[in-house]
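The values are calculated or read from the model by the stated rules, or taken from the named source; none is laboratory data. A quick note: this is a predicted structure, and the numbers were derived from the prediction, not measured. So basically every Cβ, Gly included, is an ideal-geometry build from the backbone, and we count neighbours across all protein chains shown. Just the protein is used for accessible areas: all its heavy atoms, side chains included, with ligands, DNA and RNA removed. Shrake-Rupley method; radii C 1.70, N 1.55, O 1.52, S 1.80 Å.
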Amino acid sequence: QAVVEGSSDHPCEYMTGGRVAILGPAGRNIAAGMTGGVLFRHDEGMSVEAHIADSAPPPRRLGDDDASELKAMIVAHVSRTDSTRGRELLADWEDAVARFWVLRPSATRSNSVNAFGNTEASPGVTSV
């Protein structure tokens, strides 16, 4: 698992497993060819879809399980790095979590909320 404060172009390209959280700005072509794993993407400007690759899994809002996992990742990141960005997100968690998207190929989908506000769950859980 990895937590990063930002990235340039092509983050998580051809990702096949693991967990990644991007807490800050990211370039274009996010998650191109992603076939496994989970990507949490903070979207301060609410424009994430403009940066997601056409071949990426569709971005979805976080469900409760995703939010808990992401928060634990950020807490661990802050404890290891004393990240200012991580501390800012945790200090206003309710607002912060509403600005995250999760990208997960359908084979690794757990409970998440799609663009229509519906919870989606897939039978059989992840291969990551």
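Structural remarks
- Of all residues in the stretch 77-93, those satisfying the criterion of being free of Cβ contacts under 8 Å to residues at least 12 places away in the same chain and either polar (S, T, N, Q) or farther than 13 Å from HIS42 by Cα (or both) are SER79, ARG80, THR81, ASP82, THR84, ARG87, ALA91, ASP92.
- When ALA32 is tested against (1) among the hydrophobic types (A, V, I, L, M, F, W, C); (2) at pLDDT 95 or above; (3) under 12 Å from VAL102 (Cβ atoms), only condition (3) is not met.
- Considering residues of the stretch 46-65 that are open to solvent by 60 Å² or more (accessible area, probe 1.4 Å) and closer than 20 Å to GLY86 by Cα only, the residue modelled with the lowest pLDDT: MET46
- Search result, residues across the stretch 21-35 that are open to solvent by 30 Å² or more (accessible area, probe 1.4 Å) and either among the hydrophobic types (A, V, I, L, M, F, W, C) or touching a residue at least 40 places away in the same chain (Cβ under 8 Å) (or both): THR35
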